[in-house]
Amino acid sequence: MVLQLVDVHIRNDATGQEVVRGVSFDLRPGAAVGIVGESGSGKTLTCRSVLGILPELFSVSSGHVAVDGRDVSSLSGKEWTALRGSVIGAVFQDPASYLNPSIKVGAQVAEVVRVKKRVSRRAARDRALELFASVRLRDPELVYHQYPHELSGGMLQRVLIAAAVAADPQVLIADEATTALDVTVQAEILDLLAHLRATTGLALVVVSHDLAVVAQVCDEVIVLRDGETVEQGPTDEILFEPRHEYTKLLIEEHLQYGLERFLTPVDVASEVGELEHV
Amino acid sequence: MSEKVLDVSGLDVHYRRRGGRLHALRSASLSVAAGETVGVIGETGSGKSTLARTVLGLVRPTAGRITIAGQEVTGFSGRQWKALRRQGIVQYVFQDPLRSLDPDLTVASSLVEPLLIQGIRAADARTRALAVLDRVGLDPELLDRLPGELSGGQRQRIVVARALITDPRLVILDEPVSALDSANRVRALEFLRQLRLGGTALVFISHDLGSVAGIADRIAVLYQGEVVEDRPARDVVVNPSHEYSRLLVRSAPTLASAARHRAALNGKAVTTV
């Protein structure tokens, strides 16, 4: 198990309020779990607890998190630093804010490689170029020498994914990583995550407010609302036999106000049916 | 065919840029009838905001014609545009409804502002503010609140109410639901769907085909400044004719595509018969 959450509760120590009340899941190597919820549902805090970067005054008040079999509650700052990047990596919504605007992106990714993999500058540079190719940046050499402002949102997110997987982590957390992107670019990034998962055995935690995004990539879905897990199960069960009212609302939103408005239930069912016969 | 509230034809817009000119709109045409909702969909840089800004007289086209409520406005001077905007025939709802209300003004003050500009008496303006609140389904009690005391969904309705208070023939909504969460988005779309029953023409601009498809009668797809497709919403979704529209439909996350993607991801080949 590369990542295990057991009944994780997160408390705001300033107010004493528990803002996440019971999130549990097991993530095997190469598996993908999705967390769906609104802003404020606790999905980002849950991710942050896994990365050891909870904001000040927030703490895991009960339950536990194990990364690669290790309980993280007793980790020192130094041990967390060693874990992040090499075992677990993450990408977030606004890629530009995670890059230094005045340093070329290639140098920034090479620096991550150099520090995490303890290799020479030249080897780090070569590895960064390889990574750029693996995240399907069209011209790695060119991008290497560009500044963040010269790249589109989609390209920046590819650069951040390259940095996140630079030290070959086992888990990648993508927290609303495609939300700010155009839908065609979102599709490419989701494809890329799927490709990395298939080729390297990377396990994924995909977090989104959109059930359909999560459902594209993940085998298991957790629906969070106001800090509580309202429903959790295999993706098809959540999509086609939702039990909780809130999950039904998320699905109804698509059926009534999404493209699905024009795709009859028969289309959807037959599509799924076809797949089951494969 | 009912009356056209907006008729745009052959619109060309260039922006001056360092190192040349950017062709932001290329012979774009779009018409919207009374009571009709038209979705304009496109990615970043496709020209959709330029189209909205040109229709509002904020950007000058290099070619083409714009007719609003039967009046040709293409050659309007700045003063004429200002007068037109004051009449409140066309209203514009900004991208971020949560930040487009003055935090220091009560709901009532924000709502009546466009009417006071027109010289309408304060008492009459307040009566109309109450009526428009009712139209967007909000409690009259909210009139004396500040934006900070309202939920995101309520603020969004106030912004739309402020646009409606002048009885516009045309409302242009730029990404009106993108900043809302699911529950509020459903309510906002429901409410926008009802609006046009009052005869108001809506132009709904978005990068999100999903939310546009949810309420639009027709969808115009903008790609690199060109309207590459302008057909009934169902046709665009079910049978897109332009290559870019096809890519857009294919990319949109839907519950149906979810299963297909997951199968591909799990290494199962999806056989097509």
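Take each residue in B:210-220, count the other chain C-beta atoms within 10 Å of its C-beta, and the mean is 3. Which of the lysines could be linked to B:Lys4 by a straight reach, that is with a Cα gap under 26 Å, when you skip same-chain ones fewer than 8 residues away? Leaving aside lysines fewer than 8 places away in the same chain, those within reach of B:Lys4 are B:Lys48, B:Lys82. Label-to-label distance for B:Arg16 and B:Asp144 is 5.3 nm, based on points extended 7 Å past Cα in the beta-carbon direction. Listed from fewest to most Cβ neighbours within 10 Å, the set A:Ser41, A:Ser74, A:Ser24 follows the order A:Ser74, A:Ser24, A:Ser41. By the rule of a C-alpha distance below 30 Å, with chain neighbours fewer than 8 residues away ignored, the lysines paired with A:Lys78 are A:Lys43, A:Lys104, A:Lys116, A:Lys117. Taking amide hydrogens as modeled 1.01 Å from N in the peptide plane, which residues meet the under 5 Å criterion relative to B:Ser31, leaving out close sequence neighbours? Residues meeting the criterion, in which the H sits 1.01 Å from N, are B:Val8.
Quick one: work out the % antiparallel among DSSP beta bridges in chain A, nearest 5. Please list the in-between numbers first.
Working: 24 of 43 bridges.
Expressed as a percentage, antiparallel bridges in chain A total about 55.
With contributions of -39500 (n - 2.57) from each DSSP H run of at least four residues, the per-residue ellipticity at 222 nm computed over chain B stands at -11000 deg cm²/dmol.
Taking other C-beta atoms within 10 Å as the exposure proxy, A:Lys248, A:Lys117 rank A:Lys248, A:Lys117 from fewest upward.
Taking A:Val185, A:Val205, A:Val60 as the candidate residues, the one with maximal mean-square fluctuation in a Gaussian network model of chain A, Cα springs under 10 Å, is A:Val185. Summarising the amide proton neighbourhood of A:Val91: residues at separation of 5 or more, or on other chains, whose placed amide H is nearer than 5 Å comprise A:Ile173, A:Ala174, A:Asp175. The calculated 222 nm mean residue ellipticity attributable to helices in chain A amounts to -12500 deg cm²/dmol, summing -39500 (n - 2.57) over DSSP H runs of n ≥ 4 and dividing by all residues. A cut-off of 5 Å between modelled amide H atoms, ignoring neighbours fewer than 5 places along the same chain, links A:Ser62 with A:His9.
Considering only DSSP beta bridges with both partners in the protein assembly as shown, what is the antiparallel share in %, to the nearest 5? Don't skip to the answer; put the middle values down first.
Numbers: 47 of 84 bridges.
Of the beta bridges lying entirely in the protein assembly as shown, close to 55 percent run antiparallel.
Throughout, read-outs are computed from the coordinates displayed, never taken from laboratory work. Predicted model only: the values in this text are computed from it and were never measured. Using ideal geometry, Cβ is built from the backbone for each residue, glycine included, and neighbour counts are taken over all protein chains shown.
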